[in-house]
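Here the structure is laid out as structure tokens; the discussion comes afterwards.
Derivation of every value follows stated rules applied to the coordinates shown; laboratory data play no part. For clarity, every value in this text was computed on a predicted model and none was experimentally measured. Heads up, the Cβs are rebuilt from the backbone with ideal geometry, glycines too, and the neighbour counts pull from every protein chain shown.
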Amino acid sequence: MSPAAGPVVLGIAAHFHDAAAALLVGGELVAASHEERYTRQKQDPSLPRNAVRDCLAQAGLRINDVDCVAYYEDPAKKLHRQLWTGLPEFPDASEMALFRLDADRPRREIRELLGWDGPVEIVDHHLSHAASAYYFSGFERSAVLTVDAVGEWATSSWGLGDGAGLSLLDQIEFPHSLGLLYSAITGYLGFEVNEGEYKVMGLAPYGTPRYADKIRNLIEINDNGRFTLALDYFSFGRADGMLGDRFTELLGVPKRTPESTIDDVHRDIARSIQTVTEETLLRMVGRARDMTGSENLCMAGGVALNVVAVRRIVEEGPFAHVFVQPAAGDAGGSLGCAAVAHQRLTGERPHPRRQRSALLGSTTDSNEIAHLLGAYPTHAVHDYRGDEAGLLGAVSARLASGKVIGWYHGREEFGPRSLGGRSILADPRGDDTRDRINASVKMREAFRPFAPAVLAEHAAEHFRIDHESPFMLETCEVISPLHLPAITHVDRSARVQTVTEQENGRFYRLLKAFAERTDCPLLLNTSFNLRGEPIVHTPVDALLCFLRSDIDCLVLDDFVVDRESLPQAWITWLKGTRPPRQSCVSDNVYTLL
């Protein structure tokens, strides 16, 4: 046993997409981080060596202080499904595909790359997802629903958490998958699978569900909340997409070419798959209530990040309380498997309180940032060390004047949302703010919505929401008396983050300073990255993103850098340069191997 108070458990998610590490000490979640943030490879699937090193460093520990390493899926069960899926194509299989078909690889790399020779606890994929939600929900008893593309074999599962115990009661198995159905339509609409699902969700409110009946031909939902796919429409191993000619004939619409014009028909298809997904999930949560009798629901898996569906579950579903793990995708499996390992080691549940913050990553000392900025022209860098009030006044003034701010402060977020650690911020009242940030800052599609961060005590004045929403995990109606075009979607919805001083510190105080200056207690808050890149991790990442975009001002902890004060040659040299995008998934198909 390590000298720490209670067992030290390191959880690892790897070898598919979005590799991550999480560290529990005595059942407390002390750190969690995504590997992609360090390597700058979007959705990096590699064993998360950098993330592991950072998590241990934050806790002041070394690998030999760890009592157990947990892994977020069963490699042998996964190989069984991989062989079933990919064996017919083995003669033409790529070297990378064959490399993935190795059930000993996780244990071997944990030993060789991490230098770990102790026990490795294997936790099934959907149990890891379920644990990431239940054990961090604060509920004493709860139904648990996990929905994603696929784990080992499970694609959807129902479970029950009761005290320290967590069990899975039933599951739907591959190839019947709601997540794969949504991803298949994502690819058909010309967006990247496992990345563009957010785009489909954002595009949906612009359309009408006129293709919903045809999409319902692809999925049959039983009275008990289970479903099956009409498999003759699918070919999950196709390199050119998961939906074949029969679907094209059914829909009467050809597949959209990536980066081509988005027409009304594409908006309508997006709305249709979103509608069918919401209907299916509502039936599934109904079954979860029937199976468990609990008034609480925990959700995880990538489909749980469909914030529009979560809104309907909260408003129309049979549960009084709903908790969604903020890192609901595969990265969150690192939290879950660590929690299960802790329970197996001690017989006790970890982390009995509700997770209140996703600020679980590393931070950078102000003195390090000062050293980095030492080469910059002195007139371009404003040093506010020891003067937070001055910093907040300067930044809120820039925001009120219409400036777009890159905000880097404190620990970074774990999960897909920027929540005030690594954020791009702007005044939500500007009529052209959304279009400007989409086109010149984020460099992404014009229809993509932005989220608001609002002082928690003022949330109900501006949004139809009666509970906290600290992680941007559901949408709600905008009811504000203010004109807020930059954060109001076409259907008058917004994906809200409620902000408290206890959990968000300086970010809360910035919102308060902006409110005192403008009588507007909210800001546009989006992730600090360019399209196709991970969220910034280091001050250097933030500087490069700042210089390569049209962000007006960069705040690095206690320092403010104005774009207009920098040498024009720097901006001209870097503007528009982007590293080549690297991803572990195909644009068209889910990488089942």
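See the values below:
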{"read-out": "Cα convex hull of the stretch 329-392, projected area averaged across orientations, nm²", "value": "8.0 nm²"}
{"read-out": "Per-residue HN-Hα couplings for the stretch 502-508 [Karplus 6.51, -1.76, 1.60; θ = phi - 60°; Hz; x = Gly/Pro]", "value": "4, 9, 10, x, 4, 5, 4"}
{"read-out": "The chain, relative contact order [Cα under 8 Å, separation at least 6], %", "value": "17 percent"}
{"read-out": "For the chain, Kirkwood radius (reciprocal of mean inverse C-alpha pair distance, Å)", "value": "24.4 Å"}
{"read-out": "Derived scalar couplings ³J(HN,Hα) [the stretch 47-63; Karplus, 6.51 cos²θ - 1.76 cosθ + 1.60; whole Hz; x for Gly, Pro]", "value": "3, x, 4, 5, 5, 4, 4, 5, 4, 5, 4, 4, 8, x, 10, 10, 4"}
{"read-out": "Entries in K214/K255; K42/K403; K42/K214; K199/K512 that, when Cα-Cα distance is taken, lie over 23 Å", "value": "K42/K403; K42/K214; K199/K512"}
{"read-out": "Square roots of five times the Cα gyration tensor eigenvalues for the stretch 178-324, Å", "value": "28, 16, 13"}
{"read-out": "HN-Hα J in Hz across the stretch 181-189 - Karplus 6.51, -1.76, 1.60, θ = phi - 60°, x for Gly and Pro", "value": "4, 5, 5, 4, 5, 4, x, 5, 7"}
{"read-out": "Net charge over other residues, Cβ less than 13 angstrom from the Cβ of G163 (K, R count +1; D, E count -1)", "value": "-1"}
{"read-out": "Label-point separation, R531 to R111 (7 Å along Cα→Cβ), nm", "value": "4.6 nm"}
{"read-out": "Stokes-Einstein translational diffusion, the stretch 366-574 - Kirkwood Rh over all Cα pairs, 1.306 mPa s, 10 °C, in µm²/s", "value": "93 µm²/s"}
{"read-out": "When the convex hull of its Cα atoms is projected in every direction, mean area for the stretch 262-314 (nm²)", "value": "4.0 nm²"}
{"read-out": "Cβ-Cβ FRET estimate between R353 and D466, R0 fixed at 30 Å, reported to 0.05", "value": "0.85"}
